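A.B. asks: Got a structure for you, questions after.
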Amino acid sequence: MNHKKIALRSGTEQALATGYETVIGLEVHAQMLTQSKIFCGCPTRFGADANTQICPVCAAFPGVLPVLNREAVQMAIKTGLAIHGQIRLLSEFSRKNYFYPDLPAGYQISQYELPIVEQGHLMIDSPERGEGIRIGITRIHMEVDAGKSLHEGIVGGSWVDLNRTGTPLMEIVSEPDLRSSAEAGEYLKKLRAIVRYLGVCDGNMEEGSFRCDANVSVRLRGASAFGTRCELKNLNSIRNVMRAIDYEVERQIELLEEGGKVIQETRLWNADLNSSRPMRGKEDAHDYRYFPEPDLPPLRLTAERVAAISAVLPELPDAKALRFQEQYQLSHYDAGVLTSSRELADFFEAVAAEAAALGQANAKMAANWVTGELAARLNRDGVEIQHSPVTPGQLGKLVAMIQQGTLSGKLAKEVFEILCNEGGDPQQIAEQRGMRQVSDEGAIDAAIEQVLANNPEDVAQYRAGKSKILGFLVGQVMKATQGKANPGLVNQRLLAKLAE
Amino acid sequence: MDLARITLKQAADLLHRRALSAVELTQFFLERINAHNPTLNAYITVDAEGALADARQADACLARGEATPLTGIPLAVKDLFCTKGLRTTCASRMLADFIPPYESTVTRRLREAGMVVLGKTNMDEFAMGSSNETSYFGPVKNPWDHSRIPGGSSGGSAAAVAAGLCVAALGTDTGGSIRQPAALSGITGLKPTYGRVSRYGMIAFASSLDQAGPMTRSVEDAALLLQGMAGHDPLDSTSIDQAVEEYVEQLSGGVSAQERMRGLRIGIPKEYFTDGLSESVHKALQEAIERFQELGAQCQSVSLPTTAYAIPTYYIIAPAEASSNLARYDGIRFGYRCEQPEDLLDMFARSRSEGFGAEVKRRIMLGTYVLSSGYYDAYYRQAQKVRRLIADDFHNAFTQVDLLLTPTAPETAFRIGEKKEDPVKMYLSDIFTINVNLAGLPALSLPCGFDAQNLPIGMQLIGRPLQESSLLRVGHSFQQVTDWHQRSPL
Ligand SMILES: [Zn+2]
C-alpha cells in the first residue's frame, strides 16, 4: 500500500483506515496567575521592558536563596483537587541541572520524585469514542519558568531577558490515554476551562502562558505495547496541537508501512510549513542530574489546609454542565458549550434568571440565544463574552418578550441588532419602532379575512385537501401585518377560519 | 592592656565606659592590618574608609547610650558573605571583581548591632579546602609559624583573630571550615546547628552543610557574636524558626565552673582516638578529659560506629551540591568572562575553566559524576542513607551522654605545600569535623594545649541540636580554669 496516494483528511482518519491506533499523552505547562514569582517577590506581569522585573534571586546571584510562594502552592492544590487528584501532604523540590543562557542558576527548580499532585483525571467527550471518556492525569508538579533568549535584530550575540524567570508553572502530565487529535483538542479545552474557572492560569496559548507538548506514537489496533513515541514541541494553539499530531501520526504510519522504524526524538512543529523536524535525538539527550533542592525543605501540607481549599473550590465545568442539564433541561451538548467558560456560563444564567423573573422559566430559548445569535455576533467581532455589547438583562428581557409572544423571532433579531449597536431597553425599542407583535385577535382576523378574500383559488385548493397551502396563507397574513402578527395566533385563527 | 589581644568582651567594656572610642579601636586594627597583612595575607580586601565610617556611627550610638554589646567592635568577615557595595570574591578569580548589590543576613544583623567591618578575609576558593592554599589570592600564613597553614577554609579569619588583626571574625563551616582552622590557629570557633544562622547572602558551597559561625579569642566572645548572628530568617527557608537562647546570660549564670560541670556526662567516642591521631593531640585531649573530670564531669567512652564513612559520604554530598551551586558562574550576568568567546559553549567552558581553580574544578567534576544517571543511586542516594545513619549514631550517643569531646583535627598545623598535591591526605584533616556537618549538629572548637613546636591544639565539643548554650557553657567553664586560649603568637 502506498498511503502517499491516498488523500486522507487527518492522521486520525488515516490511522482508522489502516488499522493503526494513535496513542497520545500531553504535557501542559500552565503559568500560574500569582501576584509574584514562585521563589522571590518580583511581579509576574507580562510585557514589561526586558530585565525590569528581576532581582538577585531571579538572576541567580551568588548566595541568594529561594523562598516558596504560598499562593503558588494554593493554586497547585486547587488544580489538583479540580482534576480529582491526590494531594501529597509531603512533596519536594529538586534541581534539574543544565546550562542555558536563560537559565541563570544553571538548574531549574522543579518537583521530580515527589510531586504535589498525583493520580487525577478529567472527562472529555470524544468524537470517536463518545461522551464521558476518562483521561488520566499522572501528576501535576510545580516548577519555575526560564527566561527568554532574544536573537532577533541583535548583531554579534544574543540578549537574555529574565523577566519570565521565576514565574510559577504547573506541569500537568496526562496518561497516554488520548486516541486522536480531536481527543487531544477536547482534553486541552477541558483542562484550560478548569484552570480558567479556578483563576489559576489565563490559559493563553498564543502568549505562552498555557503551553503544550505532545507525546505521540502509533501501534497496530489491538497491540498491547506502545509504539516508539516522539515528543512534539512548539504547539502554540489547540489547532496547532491537533495539526501537529495528525502530521505526526501520518508520518509514523508511513514510516512503519514502508518497513521503517520510528526513532524516539523531539520534533519541532512549524505551523507555517505545516510540518515538523527533529530537534534532538535520544542519543544527545540531557542528563539532568536531578537531586533534591537543598535550599528548600520538603513541602509539608496539612489535611486541614487541603480540606479548606477543597471547601471553597468554585463549581467546575462538569458539575456546572450537569446542573445546567437538570436545572434548565438543556441537552448535554448545549450544557457543555455554555459551561466551556465560567463567564459564558454566568452570562447564560443571568439571561435565564432575567427571563424567569419576567415569568418565562423555560431556559432553552435563553440558551439558544446565547449560543446562537450572541455567540455569532461576538465571534464576528472577536469580542469576549465579558465585553458583550448586550447585557444579560437586555437579552433576558428580549427572550421573555419572544416567549410571551409580544415579539416575533424575526423582529427579535432586529431588536437584538439595535441593542448591540445602540443599546437601550428591548421593550422600548420594540414599542418606539412599532415592532410589538400583534396578538389582537380582531386585527389578525381582519387581516385573515382580507387574505382569504384576495386568494380564493388557494383557499379552494386547501379545502380540496392541499394542506401545504396553509404555509403560503400564513405568510400572506404575516406580510399583510408587516411581520408583527403573532405567528402562533395567525396559524390558530387561520385554521379556524378555513374550517368554517 | 594590649589591644591586639583584647577580647570582644573587654573591648565592649572599654567602649561602653568610653575609655576608648570605636574610631580609635578601628584605627588601631587598620594599622595592624597595614603592618602585618602583607606577611600573613589574612585579608583579601580591607575597607578602611567603610570601617572608619562604621566606627564613627558606632561612637555616635555609644554617645547616645543606644549601643549593643557589639557596637563598635571591629570584625573581620570571611570573603563569602556578600557585603553590599564591598567586593566579595570567595577567594576565586571567578568573583575577583564581584561587588554584591545586597547584604548577607548575618553581616546585616551584625552591622545593625553596630559592628565595624574591617574587611574581607582570605579563604580557600569557594570554601573548598582545609589549608587556605586554594585561594586565588594566595595562601594565608599561620601566625604561630609562617611556614605553616592556618587551616581552612576560614583560614584568613582564623589568622586575623590569632594575629590580632581584628577582635573577632566570621567563618563558615561545611565540613570543619571554622573548627579546624580555629584549632590550628589557637582560637575558639563555633559551628552552630544547621539552620540556626541564616545562609542568605552566604555564597553557597554545599547548601545542606554550610553554616556560619563566630571565630573569636574566647568562648565568651563566641557567645556574644553568635547572639548577634543567630535567628530565623524569612529569606532562608532552611533557617530554624525557633527563638534564640540567651547565650551570654546562660554562660555563667552566677555559679562556679565546678557547679555547672557537676554531673555533666561527657562522651569520648572511641573511633576518634585511633592511629591517625598524632601523639601530641592525643596527650592534650587526655589532659582536657582530666580537667573536665576535676571539674566534676563524668567522662565515659561511647561509640559512633559510622565514623569511618564520614569522609566518603561527605565527598559525595558536598561536591554534588557544589557542582549545582557553582553552575551559575557562567560568565553571563556577573563574574569572570573569558576573552573573545567563539560561541556560547566556548564562553561557558572557557569562563569556567579559566575562572575556577583546580580544587573547585575537581569537586565540580566529582559532583557531576555522582549525580549522573546510572551513578546517582550508587553514590548520591547511598550517601544520603549513610548520612542518616551517621545522624542516628549521634542521636544514640546523646541518649547516654550530654555532649561529646573529641580532637578537632588529627594533628597540628602542617607546612604550606605539604599536602597540596595529595587531595585525599588533605581531606583527612577534616575527619573529626565532617560528620558533625552531616548530622547538622552544633560543635565548638577551643584551644586545649600545644605541641612540641609550640603549635596550638584544639578540642571539639559536640552537642545536641540547638544546644549551643550548653556547648558554650561547658567551653566557658573550661576556659575559666585554663589559659590555653589566652596564649598568643604575638
Ligand atoms: Zn526576583
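The values are calculated or read from the model by the stated rules, or taken from the named source; none is laboratory data. Just so you know, these numbers come straight off a predicted model, no measurement behind them. With ideal geometry, Cβ positions are generated from the backbone for all residues, glycine too; neighbour counts draw on all protein chains shown. Accessible surface areas use protein heavy atoms only, side chains included; no ligands, DNA or RNA. Shrake-Rupley method; radii C 1.70, N 1.55, O 1.52, S 1.80 Å.
A.B. asks: Name the single residue that is nearest to the other protein chains (Cβ to nearest Cβ) among those in region B:223-258 being without any contact (Cβ under 8 Å) to a residue 24 or more places away in the chain and among the charged types (D, E, K, R).
C.D. replies: B:ASP241
A.B. asks: Considering B:VAL424, B:VAL436, which residue is surrounded by fewer than 20 Cβ atoms within 10 Å (Cβ to Cβ), away from every other protein chain (no Cβ under 14 Å) and β-branched (Val, Ile, Thr)?
C.D. replies: From the options B:VAL424, B:VAL436, the qualifying one is B:VAL424.
A.B. asks: Restricting to region A:62-87, and then to whatever is free of Cβ contacts under 8 Å to residues at least 40 places away in the same chain and in a loop (DSSP other than H, G, I, E, B), can you tell me which residue is farthest from the ligand (Cβ to nearest atom)?
C.D. replies: The qualifying residue farthest from the ligand (Cβ to nearest atom) is A:HIS84.
A.B. asks: Would you list the helices (runs of 4 or more DSSP H) that sit entirely within region A:344-407 and hold 3 or more residues that are within 17 Å of A:GLN327 (Cβ to Cβ) and open to solvent by less than 50 Å² (accessible area, probe 1.4 Å)?
C.D. replies: Correct list: A:392-404.
A.B. asks: Do we find a residue being open to solvent by less than 40 Å² (accessible area, probe 1.4 Å), in contact with a helix residue (DSSP H, G or I) (Cβ under 9 Å, 6 or more places away or on another chain) and part of a helix (DSSP H, G or I) anywhere in region A:222-232?
C.D. replies: no
A.B. asks: I've got another one for you. Go through (1) of a type in the set (A, V, I, L, M, F, W, C); (2) out of contact with any strand residue (DSSP E or B) (no Cβ under 6 Å at 6 or more places or on another chain); (3) over 19 Å from A:ALA30 (Cα atoms); (4) more than 15 Å from the ligand (Cβ to nearest atom) for A:ALA59 and report which single condition fails.
C.D. replies: Evaluating A:ALA59 over (1) of a type in the set (A, V, I, L, M, F, W, C); (2) out of contact with any strand residue (DSSP E or B) (no Cβ under 6 Å at 6 or more places or on another chain); (3) over 19 Å from A:ALA30 (Cα atoms); (4) more than 15 Å from the ligand (Cβ to nearest atom) leaves (4) as the failure.
A.B. asks: Return yes when B:PHE98 is within 21 Å of the chain's Cα centre (by Cα), aromatic (Phe, Trp, Tyr) and at pLDDT 95 or above and no when it is not.
C.D. replies: no
A.B. asks: Which residues, counting only those in region A:29-53, are in contact (Cβ under 8 Å) with a residue 12 or more places away in the chain and either within 12 Å of the ligand (Cβ to nearest atom) or within 13 Å of chain B (Cβ to nearest Cβ) (or both)?
C.D. replies: A:SER36, A:LYS37, A:ILE38, A:PHE39, A:CYS40, A:GLY41, A:CYS42, A:THR44, A:ASN51, A:THR52, A:GLN53
A.B. asks: Before we move on, is B:ALA51 part of a helix (DSSP H, G or I), touching a residue at least 40 places away in the same chain (Cβ under 8 Å) and hydrophobic (A, V, I, L, M, F, W, C)?
C.D. replies: For B:ALA51, the condition - part of a helix (DSSP H, G or I), touching a residue at least 40 places away in the same chain (Cβ under 8 Å) and hydrophobic (A, V, I, L, M, F, W, C) - is met.
A.B. asks: Moving to a separate point now. Any residue at all in region A:326-337 that's open to solvent by less than 30 Å² (accessible area, probe 1.4 Å), among the charged types (D, E, K, R) and at pLDDT below 95?
C.D. replies: Yes, there is a match, as at least one residue in region A:326-337 is open to solvent by less than 30 Å² (accessible area, probe 1.4 Å), among the charged types (D, E, K, R) and at pLDDT below 95.
A.B. asks: While we're looking at this one, here's another question. If B:GLU220 meets every condition in (1) open to solvent by 10 Å² or more (accessible area, probe 1.4 Å); (2) within 14 Å of another protein chain (Cβ to nearest Cβ) apart from one, which number is that one?
C.D. replies: Against the list (1) open to solvent by 10 Å² or more (accessible area, probe 1.4 Å); (2) within 14 Å of another protein chain (Cβ to nearest Cβ), B:GLU220 comes up short only on (2).
A.B. asks: Continuing with the same structure: Is it fair to say A:ALA105 is more than 16 Å from the ligand (Cβ to nearest atom), among the small types (Gly, Ala, Ser) and either assigned by TED's automatic domain parsing to the domain that holds A:SER209 or not in a strand (DSSP E or B) (or both)?
C.D. replies: Judged against the criteria, A:ALA105 is not a match.
A.B. asks: Would you confirm whether any residue within region B:100-116 is within 25 Å of B:ILE434 (Cβ to Cβ) and more than 14 Å from every other protein chain (Cβ to nearest Cβ)?
C.D. replies: Within region B:100-116 (the criterion being within 25 Å of B:ILE434 (Cβ to Cβ) and more than 14 Å from every other protein chain (Cβ to nearest Cβ)), the answer is no, since none of the residues qualifies.
A.B. asks: Can we say B:ALA212 is of a type in the set (A, V, I, L, M, F, W, C), touching a residue at least 40 places away in the same chain (Cβ under 8 Å) and more than 14 Å from chain A (Cβ to nearest Cβ)?
C.D. replies: So B:ALA212 does not fit the description; no.
A.B. asks: State all residues of region A:54-110 that are open to solvent by 10 Å² or more (accessible area, probe 1.4 Å), more than 13 Å from every other protein chain (Cβ to nearest Cβ) and within 32 Å of the chain's Cα centre (by Cα); if no residue qualifies, say none.
C.D. replies: A:GLU71, A:GLN74, A:MET75, A:LYS78, A:LEU81, A:HIS84, A:GLY85, A:GLN86, A:ILE87, A:ARG88, A:LEU89
A.B. asks: Could you pull out every one of the helices (runs of 4 or more DSSP H) wholly within region A:424-500 that has 3 or more residues that are touching an Asp or Glu at 6+ places or on another chain (Cβ under 7 Å)?
C.D. replies: By residue number, A:469-480.
So that you can scan it fast, the table gives a plain yes or no per residue for (1) in a strand (DSSP E or B); (2) touching a Cys at 6+ places or on another chain (Cβ under 6 Å):
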| site | (1), (2) |
| --- | --- |
| A:ILE124 | yes, no |
| A:GLY136 | yes, no |
| A:HIS141 | yes, no |
| A:GLY166 | no, yes |
| A:PRO176 | no, no |
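A.B. asks: Output yes when any residue across region A:131-140 is in the same structural domain as A:ARG211 (by TED's automatic domain parsing) and modelled with pLDDT under 95, and no when none is.
C.D. replies: Yes.
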